[in-house]
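The values are calculated or read from the model by the stated rules, or taken from the named source; none is laboratory data. Note that this is a predicted model, so its numbers are computed, not measured. Counting neighbours? That spans all protein chains shown, and the Cβs are built from the backbone with ideal geometry, glycine included.
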Amino acid sequence: MKKKTLLFLIILLLGFNLSIYGQETNLLLNGGFEEGFTVWAPDTWRDGSTLQVNDEKVHSGNQALVISTPSQTNDARAIQKVLVKPDTFYRLSGWIATENVTAGKTGANICLMEGFNHAGNITGTSEYQYVEFNFKTSSGHTEVTVGARLGMYGNDVTGKAWFDDLFLVKLDSEPESYKALEPPKSAGDESSGSQGETQVSQADAGTTIFWIIVGIAGVGIIVLLVFLDLKLLKKKSAKKTEQEDTDTEMDEETEADEDDGTTEEDRGPDSQE
Ligand SMILES: [Ca+2]
């Protein structure tokens, strides 16, 4: 393999890695609920609501989250804790459909569990709608808890809501509009601390393992290419040596013939003598 080809392949591999980095990474795990309830935790103000992942009404893929509060009003949500950077812009987005959600209150929405920060206020009956909101973390933020939610603090409702394709992405620049988050309270508002932290470390482990595999695959390809290159060089040099040996043999034979010729010529007169 020629060095130029090797160089080209290495550049291609680096480009592939960079293109993955360039994509907007969803900081939420299982945001499309294709892995069931994995990573999400049910969290309700009181009993009476059901939270499920099924194929009843999906926006994409095969499954979506459905929260149902049939009779007693409630504030029910599926939550996931995510690590964030301080003083950084983020966008939370997703798709929500509803059925008979109590009007006149905050209906179905996606939210940050701190404060009243949310996108969507969908009541009544509706097909899937896209909702989003931008926010900026404070200097004290290292994590946020995201919720797919039917209801809000002081806004208990009944009805049914489906959630799918939720995204939390980091924004590289300041968006046109955003909500600046208040610094987090030191204690007291950690509704599901240990579980959330476990989820975050699982997310980190998953990402790390992914990049280790990509790294190993990259190094493997380079090693393979270098090996093939060396093998080819060896073959070439072996061929060269073989050729040289043949040449030397031929030279020796020629010399020997020449020697014989000389001897005969020299011997000629001797033999005549
Ligand atoms: Ca889905």
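Here are a few things to note about the model shown:
- Qualifying residue in segment 200-207 (condition: farther than 30 Å from Asn100 by Cα, in contact with a strand residue (DSSP E or B) (Cβ under 7 Å, 6 or more places away or on another chain) and modelled with pLDDT under 80): yes
- Taking segment 91-118 as the range and being farther than 12 Å from Met152 by Cβ, within 29 Å of the chain's Cα centre (by Cα) and free of Cβ contacts under 8 Å to residues at least 40 places away in the same chain as the test, no residue passes.
- Within segment 43-67, considering residues that are more than 16 Å from the ligand (Cβ to nearest atom) and not in a strand (DSSP E or B), the one surrounded by the fewest Cβ atoms within 10 Å (Cβ to Cβ): Asp47
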